[in-house]
């Protein structure tokens, strides 16, 4: 009698039964407890709701569940009331009594806490009606916001570990690999290597032991899907890893996770513990002969450790520098043994592919890129958050339909994908369908899926400089081309952004970039010039403006801008003077103020503080900055106005 | 040194003392000028300290790549005579006509016949193995003893124990005191240089003491585009320290950190595990105040 399997099925049935009994009678308040919402007070809101429900004796009618990341981080902290799916955002603990009173007691959804559509300015009560969610297709994140990530029962009730049961009961390892190969699943970490092929290579290696590593060293700035995945549904990774281990023939696995993600580490640790309890990890998994165990290894803040050979060295405790490939880790990896390293998102796809079949999976996406991809949509965008969309969706759909456009109706300038290895895709390519090949052709890459939206206020030279600073800092120093090449790129970019650019600098960047790409060994060096090269390709005129006209069109580069007080508008209210941290603003009450450019640190405090209806302060750059003459010293507003009036009269008289 | 007057007919030879990189280059330059050179070196071979270096300051050039061509050229040069295992005993005479006595210690091998094949080394029945002195045992300072010993006991038998050990020590002590690193080297068997390399490679580790509160300002792209540099400037100004520095009262350390994955909250920072998001410069005094109160 297969005891453990029976027990697992019983637990699942019980959990489902519970859910059935609850439905219709009990409302589930799904409070988002992902890192973003927790920072905004998610746990406090959860406690406040629990207390309020307890106080009103509604414990039989409502249950508060702390879920993982819901995805709509821009609205956090947030709450979804199930089963109806009422969505509330921007909550505070003080809102708990109103919510309980109105929604739970009287059954009246609370309008003032709902999501407000920016177009119609009307509140949208249901999650399903919010455009942010409408074009999404949750496959990997199917359980986000619907389960308590710390309870294995919730995962089981939503068909969790059924794929594993199927694999152990009816599929050989080769059949699993065949299925994954047929599904067209490709690595979600960036390069997009076909997962099935990687597994097969490792399976065919004769040497044992073999290892499996889930790579959650999500170093790309602006990408946080792996963190979110672990926070909202850690068991999907555990299940994916067990299936992968079975297919490849591995007995020991590691999850390498960034130390910057404490909540994700904690949830994964709990998930592994409860999986062990149910004999899903360890010896004789679900009474089969298959054994596998999982261990967490933490990183310590080094971007290069996301590179697979470097990651291997880091786990081993060696110095975390990449090494030459081949041999690939699938042949020679951890402690010299064959090792498969997959991104966390890739592994989390596996249970769904096994459960629903490769045929179903391969209907999603484009011919070369199958399935869905999680993107983090961040930067200058209205609906910040994590989205899962089918491959082949256009940028326009992502930015305008899901993302709700750019704040303040500013112009969409570019979107940066692929982190420091990727590039900027300009507004002109907004109808580009997103898949691995198209992004590559556009000079960027999929990367781990960060999408940083930039508007007209973003300077492309500054952005390239930022990325090169990052890679220059994170370069391990092994290859001269990467170590010194990034240094040289940075030097020139800094020079350009400071208005000291020379003739030929742009050409130099164009020449050095490809040289660094060609001569470096690992992915970091091979891709680090991408941000520079792609911005050069699409925004060369901005570089030229910096070099030739000493002008920063986006008015970002400090050395090329000036803050200027328009004497015609300044009422002498002294707000900017009081708030200037460096004492550069001169003036007194009812006097036209003047900024002493020699003292000004260009922090922009004055521009922010100047009331919008006055709007006397503006940023100027280039020719305008050089030619604009401000007053020598503050003079009374009345005197200035009189002088202006006189001038006007003189002009008209003539 | 008192010098006798220069003779009208100088001797066409020079003596270079020391066969390091400087001596080698001097010898080559002299020989290129047509002067016969005697290169005196105290050790069995020329090359000096540079032969032991990997890279040289400040250009980071490979040391061996710099000196190997010179070594070869000196070996081949007909006008350079290498006097290895030799020491200068006395110098007489003056510029243009020195008389130098060199004492050469025996090599026990006929240098003119030896081809450097290495067969004798392999076949010598007596191997002189260097026996280094037993290094003194390092004891931990009492303040750390219990914690560090406990961490070691938990992890030392794992495969790949170094990272978990360093991570826990860092979590407990907030930095790596030199004595602790030496102790870990002794106990784990990893060379100290290796441990030091790891301890300085990762940005989460530090070998200098850090403050009670480490303020990690996210400098990820999203936070950067949303103004985290200005947040950093404000913090820097309020605390009176630069990024990566610690206040003199050991309360605050200011650090920039790569993306903390809170892009929805940009710009964000963390203090001791607590995330603060959607910040402006106006929030800075509040955050600092909160920490001071907690302390």
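The values are calculated or read from the model by the stated rules, or taken from the named source; none is laboratory data. The structure displayed is predicted, hence computed values, not measured ones. Positions of Cβ are generated from backbone atoms using ideal geometry, with glycine treated the same way; all protein chains shown enter the neighbour counts.
Couple of notes before you dig in:
Condition check ((1) at pLDDT 90 or above; (2) in the same structural domain as residue A:380 (by TED's automatic domain parsing); (3) surrounded by fewer than 24 Cβ atoms within 10 Å (Cβ to Cβ); (4) in contact with a helix residue (DSSP H, G or I) (Cβ under 6 Å, 6 or more places away or on another chain)) across all residues:
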| residue | (1), (2), (3), (4) |
| --- | --- |
| A:431 | yes, yes, yes, yes |
| A:443 | no, yes, yes, yes |
| A:449 | no, yes, no, yes |
| A:482 | yes, no, no, yes |
| A:491 | yes, no, yes, no |
| A:500 | yes, no, yes, no |
| A:514 | yes, no, yes, no |
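- Any hit, segment A:103-110, residues being free of Cβ contacts under 8 Å to residues at least 12 places away in the same chain, more than 14 Å from every other protein chain (Cβ to nearest Cβ) and within 25 Å of residue A:132 (Cα to Cα): yes
- Residue count for segment A:39-58, restricted to those that are at pLDDT below 85 and touching a strand residue (DSSP E or B) at 6+ places or on another chain (Cβ under 7 Å): 1
- Checking segment B:280-295 against the condition returns no match, with no residue being closer than 21 Å to residue A:40 by Cα, free of Cβ contacts under 8 Å to residues at least 40 places away in the same chain, in contact with a helix residue (DSSP H, G or I) (Cβ under 6 Å, 6 or more places away or on another chain) and within 11 Å of chain A (Cβ to nearest Cβ).
- Complete set of residues in segment A:353-382 that are closer than 15 Å to residue A:178 by Cα and surrounded by 23 or more Cβ atoms within 10 Å (Cβ to Cβ): A:353, A:354, A:361
- Residues satisfying the stated conditions in segment A:571-598, i.e. in contact (Cβ under 8 Å) with a residue 40 or more places away in the chain and at positive phi: A:572, A:587, A:590
- When residue A:189 is tested against (1) touching a residue at least 12 places away in the same chain (Cβ under 8 Å); (2) part of a loop (DSSP other than H, G, I, E, B); (3) more than 14 Å from chain B (Cβ to nearest Cβ); (4) over 26 Å from residue A:445 (Cα atoms), exactly one condition is not met: (4).
- Among all residues of segment A:567-590, there is none that is surrounded by fewer than 21 Cβ atoms within 10 Å (Cβ to Cβ), under 22 Å from residue A:496 (Cβ atoms) and away from chain B (no Cβ under 14 Å).
- Selection count where residues are within 11 Å of chain A (Cβ to nearest Cβ) and surrounded by fewer than 16 Cβ atoms within 10 Å (Cβ to Cβ), scope segment B:195-221: 2
- Selection status of residue B:246, within 13 Å of another protein chain (Cβ to nearest Cβ), without any contact (Cβ under 8 Å) to a residue 60 or more places away in the chain and in contact with a strand residue (DSSP E or B) (Cβ under 7 Å, 6 or more places away or on another chain): no
- For segment A:264-309, a residue qualifies if it is part of a loop (DSSP other than H, G, I, E, B), under 31 Å from the mean Cα position of the chain (by Cα), more than 10 Å from chain B (Cβ to nearest Cβ) and more than 17 Å from residue A:253 (Cβ to Cβ), and exactly one does: A:307.
- When the criteria are applied in full, residue A:354 meets the requirement of being in a helix (DSSP H, G or I) and either touching a helix residue (DSSP H, G or I) at 6+ places or on another chain (Cβ under 7 Å) or outside the structural domain of residue A:69 (by TED's automatic domain parsing) (or both).
- Restricting segment B:259-295 to residues that are in contact with a strand residue (DSSP E or B) (Cβ under 8 Å, 6 or more places away or on another chain), over 19 Å from residue B:175 (Cα atoms) and assigned to a loop (DSSP other than H, G, I, E, B), the residue that is modelled with the lowest pLDDT is B:295.
- Criterion violated by residue A:252 - all others in (1) within 13 Å of another protein chain (Cβ to nearest Cβ); (2) under 24 Å from the mean Cα position of the chain (by Cα) satisfied: (2)
- On inspection, residue A:237 fails the criterion of being in contact with a strand residue (DSSP E or B) (Cβ under 7 Å, 6 or more places away or on another chain), within 24 Å of residue B:257 (Cβ to Cβ) and assigned to a helix (DSSP H, G or I).
- Of all residues in segment A:277-296, those that are closer than 30 Å to residue A:473 by Cβ and buried (at least 21 other Cβ atoms within 10 Å of the Cβ) total 0.
- Annotation: of all residues in segment B:121-160 being in a loop (DSSP other than H, G, I, E, B) and within 14 Å of chain A (Cβ to nearest Cβ), the one that is nearest to residue A:312 (Cα to Cα) is B:160.
- With respect to being in contact with a strand residue (DSSP E or B) (Cβ under 7 Å, 6 or more places away or on another chain), in a helix (DSSP H, G or I) and over 25 Å from residue B:106 (Cα atoms), residue B:26 fits the description.
- For segment A:190-212, the tally of residues that are out of contact with any helix residue (DSSP H, G or I) (no Cβ under 7 Å at 6 or more places or on another chain) and buried (at least 22 other Cβ atoms within 10 Å of the Cβ) stands at 1.
- Checked against (1) within 14 Å of chain B (Cβ to nearest Cβ); (2) outside any helix (DSSP H, G or I); (3) out of contact with any strand residue (DSSP E or B) (no Cβ under 8 Å at 6 or more places or on another chain), residue A:70 passes all but condition (3).
Quick grid of which residues meet (1) within 10 Å of chain B (Cβ to nearest Cβ); (2) more than 23 Å from the chain's Cα centre (by Cα); (3) under 27 Å from residue A:438 (Cβ atoms):
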| site | (1), (2), (3) |
| --- | --- |
| A:199 | no, yes, yes |
| A:209 | no, yes, no |
| A:229 | no, no, yes |
| A:232 | no, no, no |
| A:236 | no, no, no |
| A:244 | no, yes, no |
| A:257 | no, no, no |
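- Where helices (runs of 4 or more DSSP H) sit wholly within segment A:541-654, those with at least 1 residues that are more than 39 Å from the chain's Cα centre (by Cα) occupy A:622-627, A:637-653.
- Residues located in segment B:67-116, provided they are closer than 20 Å to residue B:34 by Cα and in a helix (DSSP H, G or I): B:69, B:70, B:71, B:72, B:73, B:74, B:75, B:76
- Of the criteria (1) within 14 Å of residue B:17 (Cα to Cα); (2) in a helix (DSSP H, G or I), which one residue B:45 fails: (2)
- Every pair of residues 6+ apart whose Cβ atoms lie under 6 Å, when the first sits in segment B:161-188 and is in contact (Cβ under 8 Å) with a residue 24 or more places away in the chain and within 9 Å of another protein chain (Cβ to nearest Cβ) while the second is part of a helix (DSSP H, G or I) and crowded, with 16+ Cβ neighbours inside 10 Å: B:161/B:155
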